[in-house]
Amino acid sequence: MGSDSVRGVGRRRLLGWGGWGGLAAVGGAPLVGARPAHAAPAATDPRAIPRDTRPGGAYDRYVAKLAAEDRFSGVVLLSHRGRMVLSRSYGMADREKGVHNHEGVAFNLSSAGKPFGAVAVLQLAQRGRLRLSDTVGTHLKGFPAAIADKVTIHHLLSGISGLNTPEEDLRRVFHSREEVREFYEKWARQAEPVGPPGTPTDHAGAEVAIPALIVEAVTGTTYWDYVEEHVFKRCGMTGTGFYTRPQWLTDPHIAHSYMRQADGTRVDAVRNLDKGSPDPLQLGKNPARGFIDFPGDGGFATAPDLVRFAHALSDGTVLDRPYAELLTAAKIPLAPQGGGLRAARSTTADAAFTTYMMPVSLIDGQWLNGRAGVNPGSLASWNIYPDSGWVGVILGNHDDAPFQEIIEQEIRAILGTT
């Protein structure tokens, strides 16, 4: 899991929570939140496909240059109304075995997997199994009264619980799903209020882990099993899952994460559990030590699967439309531009808001829902442009990529911003 929160106020936040927050099988329904007044021209109109998004266009050339300079390894994909416009793969998924990256390779999502947990909660809400106004104590015992009686599911999903993030043991090597689940349940229960409910805490770790525990309490199954059955399977995301370290090590369809070391070399995180990141914001971290991503976080996904998920939000496959709109709707305003990465980006947002784990920005009159995540040796971003029917995916498996700049180049190509 990452360190902090959504639309980065500094690299630490992008590291932690991120956000910009075979495709023939993907339906062509309008994406969540699309309104007829803002709809893009039909796909048959050449104006619907900006030149910069096409093969050989500015975005394609930009990513190819990065790859040629050994600054990007992974997959980028642009889809318009369910039709693939651009798909490029670069670098190696597993250098030792000679496996190249391609569309069917799954990449570590880190914080980009957090919206799946919010979807799981909303599925249970629409079935009447819980209410978003329920407090933590409605479903879980053992939390102090300040949390159990006052913090609601809505507070948690919106990133305004007022709870802190307990310190993680980044050097611990886990050996089973059961060990991971037990450790992180205890970890979530160590959260303490740093302010009253309603205080923005940018999706602190407990705000992700506690809703996952509630899903388990309500359904009687593990978070991983519930999401794989009711989200991934329902959306047809056959290349996506909460894969374990043994699977990561042996399955050729899972990209290994290559971490840059202090001496300039890159090492395979999965094959070198004794190695960690020298980045001071993730010092010593190796994502493969976790065995499986803790409940509420991460997982692995292919680029086409993330497009399938985006369309499943709009056609009633994974959530009824009102609940899908609730997932992505603007909630708590974020400060204009903020600091760090948001201040440095050149693609400015007119306004930005929290949602349920998938932040939304208003850019040149169009909404953009996005989620990003970074782990040592991996990066992931997927953006939904509901007003024009685009989905953009960026997945990578080594350090050094100018991640924020790639995201900005995607936005410029699709929206034509400068």
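The values are calculated or read from the model by the stated rules, or taken from the named source; none is laboratory data. Keep in mind it's a predicted model, so treat the numbers as computed, not measured. Reconstructed Cβ throughout: ideal geometry from the backbone, glycine too, with neighbour counts over all protein chains shown. The area values use the complete protein model at the heavy-atom level, side chains included, leaving out ligands, DNA and RNA. Shrake-Rupley method; radii C 1.70, N 1.55, O 1.52, S 1.80 Å.
Which value results when the Cα radius of gyration for the stretch 130-220 is divided by 2.2 N^0.38 Å?
Against the compact-globule rule of thumb, the ratio is 1.05.
Sort 116-123, 244-251 for me by packing, meaning the mean count of neighbouring Cβ atoms within 10 Å per residue, highest on top.
116-123, 244-251
Please work out the Kirkwood hydrodynamic radius for the chain, using every pair of different C-alpha atoms, and report it in angstroms with one decimal place.
Taking the inverse mean of 1/r over all distinct Cα pairs, the chain comes out at 21.0 Å.
Around THR221, under 12 Å between beta carbons, what's the net of Lys plus Arg minus Asp minus Glu among the other residues?
It works out to a net charge of -3.
Express the accessible area of the chain per residue in Å², computed with a 1.4 Å probe while the remaining protein chains stay in the model.
With all protein chains present, the chain gives 36 Å² per residue.
Tell me the accessible surface of ASP149 in square angstrom (1.4 angstrom probe, heavy atoms of protein chains only), to the nearest ten.
Looks like 100 Å² after rounding.
Excluding residues on the same chain fewer than 8 positions from LYS275, give the lysines whose Cα lies under 22 Å from its Cα.
LYS97, LYS285
Ordering ARG308, ARG129 by accessible area with a probe of 1.4 Å, largest first, what comes out?
ARG129, ARG308
With a 1.4 Å probe and all protein chains left in place, how much of the accessible area of the stretch 219-320 comes from carbon and sulfur atoms, in whole percent?
51 percent
Under 1.5 on a/c is rounded, so check that first for the stretch 47-161, then, if it is not, pick prolate when a/b is larger than b/c and oblate when it is not; a ≥ b ≥ c are the square roots of the alpha carbon gyration tensor eigenvalues.
Prolate.
Counting only helical runs of four or more DSSP H residues, what would the 222 nm mean residue ellipticity of the chain come to if each run contributes -39,500 (n - 2.57) and the total is spread over all its residues?
When only DSSP H runs of four or more count, the value is -8000 deg cm²/dmol.
Take each of the peptides 207-215, 368-376, average the number of other beta-carbon atoms within 10 Å over its residues, and list them starting from the highest.
The most tightly packed comes first, giving 368-376, 207-215.
In terms of solvent-accessible area of protein heavy atoms at a 1.4 angstrom probe, what is the ranking of GLU96, GLU167, highest value first?
Highest to lowest solvent-accessible surface, that is GLU167, GLU96.
For PHE183, tell me the accessible area in Å² from a 1.4 Å probe, rounded to the nearest 10.
Probe radius 1.4 Å; accessible area of PHE183 about 50 Å².
Suppose R0 equals 25 Å; then what is the FRET efficiency for THR265 and ASP169 from their Cβ-Cβ distance, rounded to the nearest 0.05?
0.45
Per residue of the stretch 128-141, in order, report the coupling 6.51 cos²θ - 1.76 cosθ + 1.60 (Karplus, θ = phi - 60°) as ³J(HN,Hα) in whole Hz, putting x for Gly and Pro.
x, 7, 7, 10, 5, 7, 4, 7, 4, x, 4, 10, 10, 9
How large a share of the accessible area of the stretch 122-204, in percent, is made up of carbon and sulfur atoms when the probe is 1.4 Å and the other protein chains stay in place?
Within the stretch 122-204, the accessible surface is 48 percent carbon and sulfur.
Which value in nm describes the separation of the simple spin-label points at HIS253 and ASP400, placed 7 Å from the Cα toward the beta carbon?
Here the answer is 3.0 nm between the modelled labels.
With all protein chains present and a 1.4 Å probe, how do GLU405, GLU103 order by accessible area, largest first?
My answer, sorted largest first, is GLU405, GLU103.
Might you work out the accessible area of MET84 for me, using a 1.4 Å probe with all protein chains in place, and round it to the nearest 10 Å²?
Its accessible surface works out to 100 Å², give or take rounding.
Could you calculate, for the stretch 244-325, the ratio of the Cα radius of gyration to the Kirkwood radius, expressed as Rg to Rh?
Radius of gyration over Kirkwood radius for the stretch 244-325 works out to 1.12.
Once you compute Rg and the Kirkwood Rh from C-alpha atoms, what is the Rg to Rh ratio for the stretch 280-406?
Ratio of gyration radius to Kirkwood radius: 0.97.
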